[in-house]
1. Just report the Cα centroid separation between segment 1-18 and segment 33-60, whole Å.
2. Quick one: accessible area per residue over the chain, 1.4 Å probe, rounded to a whole number of Å²?
3. Picking from S103, S17, S27, which is most flexible by a Gaussian network model of the chain using Cα springs under 10 Å?
4. How much length, in nm to one decimal, is gained on full extension between Q81 and S117, taken as 0.36 nm per residue of separation minus their Cα-Cα distance?
5. Could you tell me what % of all Cα pairs in the chain have separations over 19 Å?
6. Probe radius 1.4 Å, ligands and nucleic acids ignored: give me the carbon and sulfur share of the accessible area of segment 44-94 as a rounded percent.
7. Assuming R0 = 35 Å, can you tell me the calculated FRET efficiency for the pair E88 and S30, based on Cβ-Cβ distance, to the nearest 0.05?
Amino acid sequence: QVQLVESGGGLVQAGGSLRLSCVVSGSILSINTMGWYRQAPGKERELVATITRGGSTNYADSVKGRFTVSRDNAKNTVLLQMNSLKFEDTAVYYCYGYVVLESYTYWGQGTQVTVSS
């Protein structure tokens, strides 16, 4: 069983930075791909960034060059460093982890990020 718990959200002015953390209970090595989605009010959930167990990353075009996803398997943690934040980055951010052997995606509870213009 895997559980994901996010932290690090909050209120920040446009141009500022935040770092989100996702702590995994259970073995992070059992999770193949991890990453972050976000959902703004009235919008569908969208993929923000992914990172594989081997460290390969992928980003949404809207965050490329501003956000960085990283994974520390020793600390069972996935981080999302968000720089140069924009008003349109305001959303609830969800950490996820996909376990191939279970064909199942685990989700965190979400953390609110609000960027004031």
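The values are calculated or read from the model by the stated rules, or taken from the named source; none is laboratory data. All of these numbers come straight from a predicted model, not from anything done at the bench. Cβ placement follows ideal geometry from the backbone for every residue including glycine, while neighbour counts extend to all protein chains displayed. Calculation scope for accessible area: heavy atoms of the full protein, side chains included, ligands and nucleic acids excluded. Shrake-Rupley method; radii C 1.70, N 1.55, O 1.52, S 1.80 Å.
1. The distance from the Cα centre of segment 1-18 to that of segment 33-60 comes to 13 Å.
2. Per-residue accessible area for the chain comes out at 52 Å².
3. Of S103, S17, S27, the most mobile in the Gaussian network model is S103.
4. Extending this stretch completely gives an extra 11.0 nm.
5. Value for the chain (Cα pairs over 19 Å): 40 percent.
6. Here carbon and sulfur together make up 46 percent of the probe-accessible area.
7. Rounded to the nearest 0.05, the efficiency is 0.55.
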